[in-house]
Amino acid sequence: MPFAAASPVAHLRACASLLLLALTAAPVVAQDAPAPVVRVITGANVVNLEGGPHVRDAVVVITGERITAVGPAGQVAIPANAQRLALPGKWLMPGLMNMHTHFGLKLPGATGAALANETDFALSLRMLDNAKKSLWSGTTTVRTPGEQRDAIFALKNSIDRGEHPGPRIFPAGRAIVPTGGHSSEPVFDGIDGADEARHEARRQILLGAKWIKIMISRGIASTGNIAASDMTLEEMRAVTDVAHRQGVKVAAHTGSPQATLEALEAGVDSFEHGYFLTEDVFRKMKEKGAWYVPTIVVSQAGAQEFFRKIGSPPFYLARVQMVGRSHWAALQAAIRTGVNVAMGSDQFPYEPNEGTVASVREIELYHEAGMTPLQALRTATVNTARMLGAEQDLGAVAPGRYADLIALDRDPTQDIRALRTISVVMKGGEIVRHDAEPSLVTLNVLN
Ligand SMILES: [Zn+2]
């Protein structure tokens with residue numbers, strides 16, 4: 001396809017000349033740029049996610065998008081021009097990072113059926129709505145492993161340009177599925193063989209994917225044996241090879257121990273769901289430094305409520321129930337082995353779930369399955385930043401990091417349920433939610 005091959009090159013050339021233009025223009029822009037807004041949060045306690053003492057009555061200085069100083073009151077200078085945000089008695093921690101959500105999620109059932117003829121434009125707008133609600137609920141960063149029709153890249157770019165509020169997005173494009181593999185609809189036209197796997201991975205990377213998602217086994221939303229291994233080792237290797245050359249990581253949907261062991265051999269970086277994974281498999285994942293993203297909320301009690309709400313068919317509800325027990329056992333086995341765990345819900349981060357939202361319930365369930373509150377909190381902050389390779393930017397309330405913050409009423413290291421009391425959300429220094437003082441919101445998300 002010479003024509004198709006030529007157009008990306010032409011595009012890159014156009015980008016290169018734009019870059020030159022930007023570099024030449026830079027000094028003029030810098031002179032005219034307004035000084036960044038300085039905000040200072042006072043009166044709150046900063047949660048220590050390293051297990052040490054919390055910073056009580058802290059001063060957090062934010063210059064533009066990033067935190068520039070953190071320390072106890074009296075020890076940190078408050079710049080004269082700073083806008084003050086007093087949060088007396090609140091507990092501050094990084095915004096939640098959800099590593100498995102799909103803003104265009106469409107599942108079997110009545111709600112999914114109503115979206116059967118959804119156009120590209122309608123899909124983009126629905127995804128934007130889900131992104132905004134997620135940010136408002138306290139999830140400030142997401143990874144989106146698998147979305148339809150490339151809309152996620154447009155959404156991410158629009159949020160990054162400041163056109164719309166939403167979480168920071170680390171996108172995978174469309175999931176790579178072998179013919180007949182896991183999807184909520186039959187896949188007649190998936191990939192077959194290493195060349196097609198490489199082609200699809202390269203296409204996603206060109207579009208802007210930071211992760212590649214592959215479907216190595218079946219799941220709850222598909223039919224067939226979840227424990228079987230659907231992709232060949234050769235196909236998985238083709239994807240990891242192409243991705244890793246570009247610094248892109250690979251996430252695998254899996255329920256199957258066999259598929260997971262093969263994918264580990266192929267160098268896959270993160271494993272999603274893991275419905276039937278055993279302690280032995282998690283030990284091997286740990287040895288390789290791979291990540292486990294449990295998405296435990298999709299198979300537990302709160303999910304039944306959700307699936308009934310969206311009108312799921314009986315086969316689906318039965319499948320959820322069947323998987324629930326082994327999924328829970330897998331999570332407990334993972335915690336015992338100490339494999340890297342990163343939080344992901346596979347529901348919208350804001351989706352109501354057992355009296356709270358999915359991101360929060362997911363973290364609570366890790367605690368109920370055996371993690372300490374601190375370990376559970378790290379799965380959505382410190383660990384996620386490390387999994388994304390974004391430790392310099394995210395996952396801590398510390399100088400240099402983006403000011404992506406949430407404020408709680410209580411100390412979450414003492415009581416994980418404190419996460420249910422999120423009342424202030426900040427992203428990049430902008431106040432997106434302040435329940436007690438809505439007039440202080442500087443980035444209006446909900447209208
Ligand atoms: Zn998913």
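Below are the figures for this structure:
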{"quantity": "Residues satisfying the stated conditions in the stretch 31-47, i.e. assigned to a loop (DSSP other than H, G, I, E, B) and surrounded by 15 or more Cβ atoms within 10 Å (Cβ to Cβ)", "calculated": "Val37, Val47"}
{"quantity": "Residues within the stretch 152-186 that are more than 16 Å from the ligand (Cβ to nearest atom), touching a residue at least 40 places away in the same chain (Cβ under 8 Å) and not in a loop (DSSP other than H, G, I, E, B), tallied", "calculated": "6"}
{"quantity": "Residue in the stretch 275-284 that is in the same structural domain as Ala238 (by TED's automatic domain parsing), touching a helix residue (DSSP H, G or I) at 6+ places or on another chain (Cβ under 9 Å), assigned to a loop (DSSP other than H, G, I, E, B) and within 14 Å of the ligand (Cβ to nearest atom) present", "calculated": "yes"}
{"quantity": "Count - residues of the stretch 349-363 that are within 15 Å of the ligand (Cβ to nearest atom) and either farther than 13 Å from Leu96 by Cβ or at pLDDT below 95 (or both)", "calculated": "1"}
{"quantity": "Filtered residue count, the stretch 207-230, keeping only those that are assigned to a loop (DSSP other than H, G, I, E, B), away from the ligand (no atom under 16 Å from the Cβ) and either modelled with pLDDT of 80 or more or not assigned by TED's automatic domain parsing to the domain that holds Leu317 (or both)", "calculated": "6"}
{"quantity": "Every residue from the stretch 246-260 that is among the β-branched types (Val, Ile, Thr) and assigned to a loop (DSSP other than H, G, I, E, B)", "calculated": "Val248"}
{"quantity": "Subset of the stretch 319-347 that is among the polar types (S, T, N, Q) and assigned to a helix (DSSP H, G or I) - its residue that is farthest from the ligand (Cβ to nearest atom)", "calculated": "Thr337"}
{"quantity": "Selection within the stretch 231-262 - closer than 19 Å to Arg174 by Cβ and within 13 Å of the ligand (Cβ to nearest atom)", "calculated": "Ala251, Ala252, His253, Thr254"}
{"quantity": "Count - residues of the stretch 403-421 that are touching a Leu at 6+ places or on another chain (Cβ under 6 Å) and surrounded by 22 or more Cβ atoms within 10 Å (Cβ to Cβ)", "calculated": "3"}
{"quantity": "Tally, over the stretch 341-368, of residues that are surrounded by fewer than 20 Cβ atoms within 10 Å (Cβ to Cβ) and in contact with a Phe, Trp or Tyr (Cβ under 9 Å, 6 or more places away or on another chain)", "calculated": "1"}
{"quantity": "Given (1) within 16 Å of the ligand (Cβ to nearest atom); (2) in the same structural domain as Arg410 (by TED's automatic domain parsing), number of the condition Gly64 does not satisfy", "calculated": "(1)"}
{"quantity": "Subset of the stretch 301-318 that is surrounded by fewer than 21 Cβ atoms within 10 Å (Cβ to Cβ) and not in a helix (DSSP H, G or I) - its residue that is nearest to the ligand (Cβ to nearest atom)", "calculated": "Ile310"}
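The values are calculated or read from the model by the stated rules, or taken from the named source; none is laboratory data. What you see is a predicted model; the values in this text were computed from it and never measured. Positions of Cβ are backbone-derived with ideal geometry, glycine not excepted, and every protein chain shown enters the neighbour counts.
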